[in-house]
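The values are calculated or read from the model by the stated rules, or taken from the named source; none is laboratory data. This structure is a prediction, so every number in the text was calculated from the model and none was measured. Don't worry about glycine lacking a Cβ; one is built from the backbone with ideal geometry, like all the others, and counts go over all protein chains shown.
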Amino acid sequence: MAIKWSDRYSSRTSQVGASAIREIFKLTQVPGIISFAGGLPASEMFPVREVQEAATRVLKDMGSQALQYSTTEGHLPLRAFIADRISRHGIKADENNILITSGSQQAIDLISRVFIDPGERVVVERPTFSAALQTFSSYQAVCMGVDTDEDGAVVSQLEEVIDGSTKFVYIQPNFQNPGGTTLTLERRRELVATSERHGLPIVEDDPYYEFRFSGADLPLLLELDAQERPGGRHGDGLGEVNIIRLGTFSKTLAPGLRLGWIVAPRDVIGPLVIAKQAADLHTSILNQMLAYEVIKDGFLGPHVQRLRAIYRERRDVMLSAMDRHLPGGVHWAVPEGGFFLWVTLPECLDASVLLQEAVKQGVAFVPGVTFFPEDGRQPRSNTMRLSFSFCTPSVIEEGILRLGRALSRQLEG
Ligand SMILES: Cc1ncc(COP(=O)(O)O)c(C=O)c1O
């Protein structure tokens, strides 16, 4: 008897749809399409030569370690490197507070696995990172949204959506994917105070932290929370915090390395390590050693500066092209950093319908509906995300010209 596989899927699997972004990626495979859809880093900036040279050294000097099974927690020198960078924020973390993950996407998965029982709540921003929503729903969480505005998440709405089953708040404080928003200092303080009042864990996902183009750096949520604790900066530090912080090398080095990390109190790292053992034993030790070899002598600082300049230029080129080529009634906010521009179309337009016309004109983006939780409220269908990180300035110019054409056609229709 032939098996009908779909009848055998778990209820978890049946609930999770294909990622809309992956589906749009298929569209962008059509030759000649300019894609502002994926949040891909600029590939010409990948440290190919540095990784190549590191590979030669690592394999020559430590080949048998690099190709052997390794510890679940991760390569100790790499964890110490990350702990040291976190300590610069006045946070007393050591390598025992760091777990290396296979990208921060795996961090989101492991945290969900450890904390969420079916039917429990996770609070997210509206809009938020779609792959996080996908992960939370694969663990059968109920995702409740709080709105975002130009100051980031509207933290005052938190108390309306949390209940006894709320496991954590998932938030991106800097240059959020997809909205480009940054949480103001005042709201950061309010969030940490709300977390303190309710004993509510916060997952601080911060992949774009390094890519600030203007304005001053704001304190990490982890930093603010650590300061609030008895003993503060110089006391027990991380032992007591309510924040789990996620980082990644995907944007600062290369996503193909699949290297991310979690910074958390040891009580959190313990079960995460066990969950990770079940998931993949450990993250590729070869990749961890390669990354450490590349960054250990100060590569990251100047490299990130170069990347920041490139991404700032691309943001500015896209903004200027939008000013010139997009029709009236289309609005956007200027992000202070990151990879994304969030665009609001006139109410009469649906970005999913516009996408069909845009693809005909040779340009792609992600419709905003993808980024809204299913929390019983209407997603904003007249929104879209444009990523400026991947395309060169001349391609961005041409892509926005095409988008303007698609928009004009839709408005005429
Ligand atoms: C907000 C956010 N979190 C997590 C990730 C996952 O990144 P990675 O798994 O490559 O570290 C991304 C990737 O785009 C992201 O935008």
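Of the residues Leu78, Leu67, only one is at pLDDT 95 or above, surrounded by fewer than 18 Cβ atoms within 10 Å (Cβ to Cβ) and not polar (S, T, N, Q); which? If you could, list the steps in order and put the result at the bottom.
Working: Leu78 fails: surrounded by fewer than 18 Cβ atoms within 10 Å (Cβ to Cβ).
It is Leu67.
Which one of these is farther than 30 Å from Phe46 by Cα and not hydrophobic (A, V, I, L, M, F, W, C): Gly362, Gly376?
Values: Gly362 fails: farther than 30 Å from Phe46 by Cα.
Within the list Gly362, Gly376, the selection yields Gly376.
Here's a check for you: in region 317-345, which residue that is small (Gly, Ala, Ser) and more than 16 Å from the ligand (Cβ to nearest atom) is nearest to Ser35 (Cα to Cα)? Before you say what the answer is, go through the steps one by one.
In the first step, residues of region 317-345 are kept if they are small (Gly, Ala, Ser); the result is 320-321, 328-329, 333, 337-338.
Imposing the further condition that a residue be more than 16 Å from the ligand (Cβ to nearest atom) reduces the set to 320-321, 328-329, 333.
Working: Ser320: 18, Ala321: 15, Gly328: 23, Gly329: 23, Ala333: 20 Å.
This residue is Ala321.
From Ile82, Ile108, grab the single residue that is β-branched (Val, Ile, Thr) and either within 12 Å of the ligand (Cβ to nearest atom) or outside the structural domain of Leu259 (by TED's automatic domain parsing) (or both).
Values: Ile82 fails: either within 12 Å of the ligand (Cβ to nearest atom) or outside the structural domain of Leu259 (by TED's automatic domain parsing) (or both).
After applying the criteria, what remains is Ile108.
Taking the condition in the same structural domain as Leu78 (by TED's automatic domain parsing), buried (at least 19 other Cβ atoms within 10 Å of the Cβ) and assigned to a helix (DSSP H, G or I), does Glu223 pass?
On the way: in the same structural domain as Leu78 (by TED's automatic domain parsing): yes; buried (at least 19 other Cβ atoms within 10 Å of the Cβ): yes; assigned to a helix (DSSP H, G or I): yes.
So Glu223 fits the description; yes.
Out of (1) touching an Asp or Glu at 6+ places or on another chain (Cβ under 7 Å); (2) within 16 Å of the ligand (Cβ to nearest atom), the odd one out for Gly179 is which?
That leaves (1) as the condition not met.
If the requirement is being in contact (Cβ under 8 Å) with a residue 40 or more places away in the chain, crowded, with 24+ Cβ neighbours inside 10 Å and away from the ligand (no atom under 16 Å from the Cβ), which of these qualifies: Ala141, Ala93?
On the way: Ala141 fails: in contact (Cβ under 8 Å) with a residue 40 or more places away in the chain.
Just a single option satisfies the conditions, and that option is Ala93.
Condition test on Val146, is it aliphatic (A, V, I, L, M) and touching a Lys or Arg at 6+ places or on another chain (Cβ under 6 Å)? Spell out the reasoning first.
Working: aliphatic (A, V, I, L, M): yes; touching a Lys or Arg at 6+ places or on another chain (Cβ under 6 Å): no.
Criteria not met by Val146.
Exactly one of (1) in a loop (DSSP other than H, G, I, E, B); (2) touching a Gly at 6+ places or on another chain (Cβ under 6 Å) is unmet by Gly215. Its number?
Answer for Gly215: the failing condition is (2).
Taking the residues in region 232-256 that are assigned to a helix (DSSP H, G or I) and among the charged types (D, E, K, R) as candidates, determine which candidate is modelled with the lowest pLDDT.
Checking each candidate, the answer is Arg233.
Taking the options Thr148, Thr56, name whichever one is part of a strand (DSSP E or B) and either at positive phi or free of Cβ contacts under 8 Å to residues at least 60 places away in the same chain (or both). Full working, then the answer.
Details: Thr56 fails: part of a strand (DSSP E or B).
Only one candidate passes the filter, namely Thr148.
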